[in-house]
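So the structure is just underneath, and the comments pick up after that.
The values are calculated or read from the model by the stated rules, or taken from the named source; none is laboratory data. The shown structure was predicted, so the numbers you read here are calculated from the model rather than taken from an experiment. All Cβ positions, glycine included, derive from the backbone under ideal geometry; neighbour counts span all protein chains shown.
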Amino acid sequence: MKPVIGITPGIGAFENRGEIFRMEISYVQAVEAAGGVPILLPPSGAGVAELLGIVDGIIFSGGADIRPDRYGDDYVHEKTYGISDLRDDFEFALLEAALRADVPILAICRGIQVLNVGLGGTLYQDVPTEYPNAVRHSQPWEIGSFEHPIHDVAIERDSLIGDLLGTTTVGTNSAHHQSLKRLAPGLRVVGRSADQGIEAVELPDKRFVLGVQWHPEKMFQAHEEHLRLFAGLLAEARTYKAQKALGTVAAD
Ligand code: MN
């Protein structure tokens, strides 16, 4: 049996039908390509413990911004957009429970921000206006453009991501107007762009908690090295699943 990887979708709207859950298919394709079975975890207030009984790993996906007062900001920047308390509440609850159970986690774009804020860190609400001398972190809008790297990320050796990539530099896409500011306790920075912005973090206390600010799910088909991040998640999910079957991890 393959590991089951839960993916958190975002929230949008569809014509006159009200709110919908939305997520690019590329996340599902990346999990499938890495040997996992994807399952969507729609944000709700119904509880997260039951979900942890189903999944062997979790991807926190990209999307809109976290409510700024969750990390102590007393203002909302004019560029901060798409705040959803439903999604924030759900993802922070899921993160806390998943960390407690040591479930393997890959946190992508908004996901790395959820990881940092959930552990007590803060964010730049708008990199272009709040981070001096930033490189360009916005991808051109044409369909298909997200598979192309637009900046490099320097990768730390002797890290999860360094071992997976086997290199100290990786070209990445970039589509984020926010980024990590004060690093949360326990996190380790393992990737930075040329402007010293934080692009990748890990939580060394856990078996596999990796956050990246870029979108590997949109690059893996054209650039194989980005599939290795999902392969790393799947390898740990296989171990976790086996331990869960033996009753050696708490599946709360
Ligand atoms: Mn970037």
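For the stretch 51-86, which positions are under 16 Å from V249 (Cβ atoms) and either within 17 Å of the chain's Cα centre (by Cα) or part of a helix (DSSP H, G or I) (or both)?
L51, L52, V55, D56, G57, I58
Among the residues of the stretch 181-205, write down those that are within 11 Å of the ligand (Cβ to nearest atom), within 18 Å of L106 (Cβ to Cβ) and not β-branched (V, I, T).
The answer is G191, E199, A200.
Kindly indicate whether V117 is touching a residue at least 24 places away in the same chain (Cβ under 8 Å), in contact with a Phe, Trp or Tyr (Cβ under 7 Å, 6 or more places away or on another chain) and outside any helix (DSSP H, G or I).
Criteria not met by V117.
Of everything in the stretch 129-157, what is within 15 Å of the ligand (Cβ to nearest atom), in contact with a strand residue (DSSP E or B) (Cβ under 8 Å, 6 or more places away or on another chain) and free of Cβ contacts under 8 Å to residues at least 60 places away in the same chain? Give them in sequence order.
Correct list: E130, R136, S138, Q139, I150, H151, D152, A154, I155.
Could you check the stretch 21-63 and list, in sequence order, the residues that are of a type in the set (D, E, K, R), closer than 19 Å to E96 by Cα and either at pLDDT below 95 or surrounded by fewer than 21 Cβ atoms within 10 Å (Cβ to Cβ) (or both)?
The answer is E50, and nothing else.
Take L160 and tell me if it is over 21 Å from E236 (Cβ atoms), more than 16 Å from the ligand (Cβ to nearest atom) and touching a strand residue (DSSP E or B) at 6+ places or on another chain (Cβ under 7 Å).
No; evaluated as a whole, the condition is false for this residue.
Can you tell which of V28, V37 is hydrophobic (A, V, I, L, M, F, W, C) and touching a residue at least 24 places away in the same chain (Cβ under 8 Å)?
Residue meeting the stated conditions: V37.
Starting from the stretch 86-111, keep only residues that are modelled with pLDDT under 95, then list their pairs with residues that are of a type outside the set (D, E) and surrounded by fewer than 23 Cβ atoms within 10 Å (Cβ to Cβ) whose Cβ atoms are within a distance under 7 Å, requiring at least 6 positions of separation or different chains.
none
For the stretch 156-206, list the strands (runs of 3 or more DSSP E) that sit wholly inside it and hold at least 2 residues that are within 24 Å of D65 (Cβ to Cβ); which are they?
In the stretch 156-206, the matching strands (runs of 3 or more DSSP E) lie at 188-192, 198-202.
Can you tell me which of G197, G171, G166 is small (G, A, S) and free of Cβ contacts under 8 Å to residues at least 24 places away in the same chain?
Only one candidate passes the filter, namely G166.
Among (1) surrounded by 17 or more Cβ atoms within 10 Å (Cβ to Cβ); (2) within 10 Å of the ligand (Cβ to nearest atom); (3) over 23 Å from K206 (Cα atoms), where does V170 come up short?
Just one mismatch for V170, condition (2).
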